[in-house]
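Here's the structure, in structure tokens; my notes come after.
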Amino acid sequence: MTGVWVGARKIASIGVGIRRWTTWHGFALNVSTDLSYFDSIVPCGIEGCRMTSVCEVTNRAVTVGEFTGAMRESFARVFNYDVVSVSAAEIVPTAELTVGDG
């Protein structure tokens, strides 16, 4: 039962993969998602899985921007990182990286 659960409902999915000696990982968190989208599928292949969202759990409107800021600050505090803002132009596309790059 991978993912993040709030009681019997799933609020986030976690993914990990390996392709061509490269690891990929990430997560999808339902912040203000229209949960009716999940009515037509079997979420994460888990029969009977009921999804939830931050808005549903907190019973208030939460924007993705508001949640992103809180998540960034919490992540930095828990993992002892400094939050640094960069522009998209400052990020090196992965296609330009080679084996041995930091």
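The values are calculated or read from the model by the stated rules, or taken from the named source; none is laboratory data. As the structure is a prediction and not an experimental result, all values here were calculated from the model. Here the Cβ is made from the backbone with ideal geometry for all residues, glycine too, and neighbour counts use every protein chain on show. Note: areas computed on protein heavy atoms with side chains; ligands, DNA, RNA excluded. Shrake-Rupley method; radii C 1.70, N 1.55, O 1.52, S 1.80 Å.
Observations on the structure shown:
- When residues of the range 22-66 are limited to those that are under 17 Å from residue 1 (Cβ atoms) and polar (S, T, N, Q), the one surrounded by the most Cβ atoms within 10 Å (Cβ to Cβ): 30
- Residues of the range 12-30 satisfying the condition of being within 10 Å of the chain's Cα centre (by Cα) and hydrophobic (A, V, I, L, M, F, W, C): 12, 14, 27, 28, 29
- Being basic (Lys, Arg) and over 27 Å from residue 66 (Cβ atoms) is a property that does not hold for residue 9.
- Pairs, first more than 10 Å from residue 49 (Cβ to Cβ) in the range 3-18, second part of a strand (DSSP E or B) and open to solvent by 70 Å² or more (accessible area, probe 1.4 Å), C-beta under 6 Å, six or more apart: 12/27; 14/27; 16/25; 17/24
- Failed condition for residue 19, given (1) open to solvent by less than 70 Å² (accessible area, probe 1.4 Å); (2) at pLDDT below 90: (1)
- The number of residues in the range 1-16 being of a type in the set (D, E, K, R) and surrounded by fewer than 12 Cβ atoms within 10 Å (Cβ to Cβ) comes to 0.
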